[in-house]
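**Q** One structure, pasted below without further comment.
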Amino acid sequence: MNLIAIQSIYRFEMARFFRTLTQSVISPVISTALYFVVFGAAIGSRMENVEGVPYGAFIVPGLIMLTVMTQATTNASFGIYFPKFIGTIYELLSAPVNFLEITIGYVGAAATKALIIGMIILATSFLFVDITIAHPLAMLAFLFLTALSFALLGFIIGIWAGNFEQLQLIPLLVITPLVFLGGSFYSTSMLPPVWQTITLFNPVHYLISGFRWSFFGTADVPVGISLIAIAVFTGACMTAIWWIFRTGWRIRQ
């Protein structure tokens, strides 16, 4: 394992993150704060508790998941796409590093960025609502696994994308709608039976449900199933990345 190569890629990506703090941190935090104002204060004050939890607190896990998923995907996809765009990826491929070391460097940096933003948003939520975390270690574990899995997905998107428009296509048109429809702002028990069944086919639903359980001790699906869903998703992404580097798809073509 070439630790120097991993460290170099990781440091380079993190340096880019800190050079653009306004875009990387302040923008998503302000956007999330607006969600708290609109949904938590304006709408939440007119709603009853959801599963015994005040609505303003109930949406906190969903908002954190929304930001972590989109940020992990976006950072990882741009991180690997930009070397493709300017042609420096060939220098990386010709260096004495394997696909695993390249993946760890880029994905590790993207996951770290998403975790930082997620923790900042969690701290921000305490300014708006009174919230207690029932299982803090489980919360950190779900946060880490979600950031890691979606950074892997973003890495694949960055390799697949042929232009900057395609780079934003999946996060905007797929991930964000799945988060909204996955129970980020409501419990699926509030839906009609047909829609409850349809929601079970949304993979993001299992992540949000498990993460919400770590806060309030209640979940729409068993926590074990949520962990299995994350493991299967992460394994599928790792397999896809291995195949991409083995065949050179969208990298050497």
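The values are calculated or read from the model by the stated rules, or taken from the named source; none is laboratory data. Just so you know, these numbers come straight off a predicted model, no measurement behind them. So basically every Cβ, Gly included, is an ideal-geometry build from the backbone, and we count neighbours across all protein chains shown.
**Q** Select, from LEU148, LEU153, LEU122, the only residue that is assigned to a helix (DSSP H, G or I) and either among the aromatic types (Phe, Trp, Tyr) or in contact with a Cys (Cβ under 6 Å, 6 or more places away or on another chain) (or both).
**A** Details: LEU148 fails: either among the aromatic types (Phe, Trp, Tyr) or in contact with a Cys (Cβ under 6 Å, 6 or more places away or on another chain) (or both); LEU122 fails: either among the aromatic types (Phe, Trp, Tyr) or in contact with a Cys (Cβ under 6 Å, 6 or more places away or on another chain) (or both).
On inspection, the qualifying residue turns out to be LEU153.
**Q** Right, something else. Among ILE59, ILE86, which is the only one that is at pLDDT 80 or above and under 30 Å from GLU165 (Cα atoms)?
**A** Numbers: ILE59 fails: under 30 Å from GLU165 (Cα atoms).
Going through ILE59, ILE86 in turn, the sole match is ILE86.
**Q** Is it the case that the stretch 101-109 has a residue that's modelled with pLDDT of 90 or more and farther than 18 Å from THR74 by Cα? Break it down into steps so the answer makes sense when it comes.
**A** Residues of the stretch 101-109 that are modelled with pLDDT of 90 or more, as a first pass: 101-109.
In the following step, the residues that additionally are farther than 18 Å from THR74 by Cα were identified as 101.
Yes, the stretch 101-109 has at least one match.
**Q** Using beta carbons and a limit of 8 Å, which pairs, at least six apart or on different chains, have the first residue in the stretch 75-100 and surrounded by fewer than 18 Cβ atoms within 10 Å (Cβ to Cβ) and the second one polar (S, T, N, Q) and in a loop (DSSP other than H, G, I, E, B)?
**A** Close Cβ pairs (under 8 Å, with a partner that is polar (S, T, N, Q) and in a loop (DSSP other than H, G, I, E, B)) amount to PRO96/ASN2; ASN98/ASN2.
**Q** Could you please let me know if ARG212 is basic (Lys, Arg) and in a helix (DSSP H, G or I)? Working first, answer last.
**A** Values: basic (Lys, Arg): yes; in a helix (DSSP H, G or I): yes.
In short, yes.
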